[in-house]
Amino acid sequence: MADQLIAALGGYGAVGSTAVRRLAEQGCTHIRVGGRNPARGLALRSEIPNLEVSYVDIDNPVSLKEFCSGADLVLNCAGPSYRILDAVARAASAAGAHYVDVAGDVPARRALGTTTFTDRAAVFSAGLMPGLTGLLPRLVATAGDRVEIHVGGAVRVTPASAADILLANGPDFGESLAAWRGGTVIPRALTPLRRVELPGFPEPVDAMPFLPTESTRLAAELDLAELRFYTVYASEAIPSALAMAWADDPEFQADHVKPLIRAATSDLRGRDPYYSLTAHVLTDTGQPSSVALHTADPYQLSGVVAALTAVAALSGKIRPGVHFADEVLDPRSTADALRHDPLVQALTIHAATGSSADHIAHHEINNGNRCG
Ligand SMILES: NC(=O)c1ccc[n+]([C@@H]2O[C@H](COP(=O)([O-])OP(=O)(O)OC[C@H]3O[C@@H](n4cnc5c(N)ncnc54)[C@H](OP(=O)(O)O)[C@@H]3O)[C@@H](O)[C@H]2O)c1
């Protein structure tokens with residue numbers, strides 16, 4: 001497998017550069033990175049010998065075809081993802097490669113359909129959110145449970161991510177104020193929480209109810225009794241910027257990229273960056289089962305998840321077809337790999353004795369995920 005070629009589009013961006021570093025660390029010796037500014041890729045070559053650097057523009061089908069040519073796996077870390085949709089996946093399919101996308105999510109998967117990747121794997125949403133937000137709760141939640149998830153903090157927002165956040169408005173992405181209860185999505189079930197103290201967050205925060213489509217799928221699959229999901233903000237700056245953007249004509253969304261980046265930057269004044277993902281199984285008695293992940297950089301951590309997904313696909317651990325990452329990654333071995341990653345400040349799992357989560361909480365597991 002060490003000889004297999006991984007073509008990483010956007011491989012020198014915030015997410016992509018970490019994915020490429022981790023792939024190299026895991027023994028992948030043949031990596032091609034590309035984008036419209038190869039000089040940025042060349043900077044990575046000082047860290048990663050033998051890195052191949054190419055020019056590629058997703059909007060230029062000839063350069064995209066050339067970039068994917070000969071690849072065993074195409075890793076897409078370029079954005080904005082909701083503009084790229086299935087363009088890179090289709091080029092990967094035509095090249096006979098596996099495909100991993102750090103985002104894409106429902107719009108890209110729907111655009112791709114089911115007629116491609118019949119003998120290869122394509123995996124969307126291989127990042128933190130979505131991605132780990134659908135995967136880590138599986139360590140502690142089982143049928144009939146009531147689960148509450150909190151995710152967010154105070155971190156930078158990159159230009160590609162800002163564009164995606166602004167485009168992520170509508171039923172493909174989720175529903176504000178909704179919760180999953182009794183087998184269905186209940187609209188307007190929850191209200192925003194202002195200046196609340198939440199376990200795992202270092203200061204009082206604002207928590208906005210938003211039920212992502214990923215969580216609806218998770219709740220249905222696990223047959224949960226209830227799932228509440230809150231996006232967490234250090235201040236009102238980002239929710240206010242988003243409210244302004246979404247009240248505007250969709251044609252002018254691009255004008256709101258800079259204000260959104262500025263809002264995130266303002267949250268970082270006087271604070272160190274922090275980002276947490278917590279999932280609690282609610283109980284009326286005793287200590288609830290829970291999982292909590294803490295990092296200072298969700299972008300880089302998304303690159304770690306993308307790299308783990310790529311290695312799993314190349315190792316034949318992901319069956320052919322089109323998937324979301326949380327459906328096909330193994331929660332235990334992924335958690336164990338994350339726990340050993342320096343970008344994870346802490347990953348704690350508390351679970352009732354004898355449960356699946358209790359096993360990972362108390363045993364060292366060798367996940368065996370290597371590229372060679
Ligand atoms: N699932 C998750 O949790 C998660 C977390 C963070 C980010 N994301 C997603 O990951 C994607 C990347 O985010 P990021 O923060 O890494 O962004 P970034 O730092 O701005 O990097 C974007 C990369 O895409 C490349 N790119 C953009 N347009 C291109 C084009 N037309 N042709 C070729 N390359 C192109 C850029 O290179 P050039 O501009 O030089 O071409 C750059 O390398 C975004 O879609 C974001 O929404 C997902």
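The values are calculated or read from the model by the stated rules, or taken from the named source; none is laboratory data. This is a predicted model, so every value here is computed, not measured. All Cβ positions, glycine included, derive from the backbone under ideal geometry; neighbour counts span all protein chains shown. Side chains included, ligands, DNA and RNA excluded: accessible areas come from the protein's heavy atoms. Shrake-Rupley method; radii C 1.70, N 1.55, O 1.52, S 1.80 Å.
Assorted remarks:
- Filtered by the rule that a residue be acidic (Asp, Glu) and over 14 Å from the mean Cα position of the chain (by Cα), region 117-172 gives ASP119, ASP145, GLU148, ASP172.
- Those residues of region 175-209 which are within 19 Å of MET244 (Cα to Cα) and not charged (D, E, K, R), in sequence order: SER176, LEU177, PRO192, ALA207, MET208, PRO209
- Residue in region 223-237 that is within 22 Å of the chain's Cα centre (by Cα), surrounded by 13 or more Cβ atoms within 10 Å (Cβ to Cβ) and in a helix (DSSP H, G or I) present: no
- Residues being more than 24 Å from the chain's Cα centre (by Cα), in a helix (DSSP H, G or I) and touching a residue at least 24 places away in the same chain (Cβ under 8 Å) - total across region 40-66: 3
- Odd one out for ASP172, checked against (1) out of contact with any Leu (no Cβ under 9 Å at 6 or more places or on another chain); (2) over 26 Å from VAL257 (Cβ atoms); (3) touching a residue at least 60 places away in the same chain (Cβ under 8 Å): (2)
- Lone qualifier among ASP284, ASP330 - being over 29 Å from HIS30 (Cβ atoms) and open to solvent by 20 Å² or more (accessible area, probe 1.4 Å): ASP284
- Every residue from region 118-156 that is farther than 18 Å from GLU226 by Cβ, away from the ligand (no atom under 14 Å from the Cβ) and assigned to a strand (DSSP E or B): ALA121, ALA122, ALA154
- Residue within region 109-117 that is at negative phi, in contact with a strand residue (DSSP E or B) (Cβ under 9 Å, 6 or more places away or on another chain), open to solvent by less than 10 Å² (accessible area, probe 1.4 Å) and within 15 Å of the ligand (Cβ to nearest atom) present: no
- Some residue of region 40-56 being in contact with a strand residue (DSSP E or B) (Cβ under 6 Å, 6 or more places away or on another chain) and among the charged types (D, E, K, R): yes
- Taken together, the criteria place GLY183 among residues that are out of contact with any strand residue (DSSP E or B) (no Cβ under 7 Å at 6 or more places or on another chain) and more than 9 Å from the ligand (Cβ to nearest atom).
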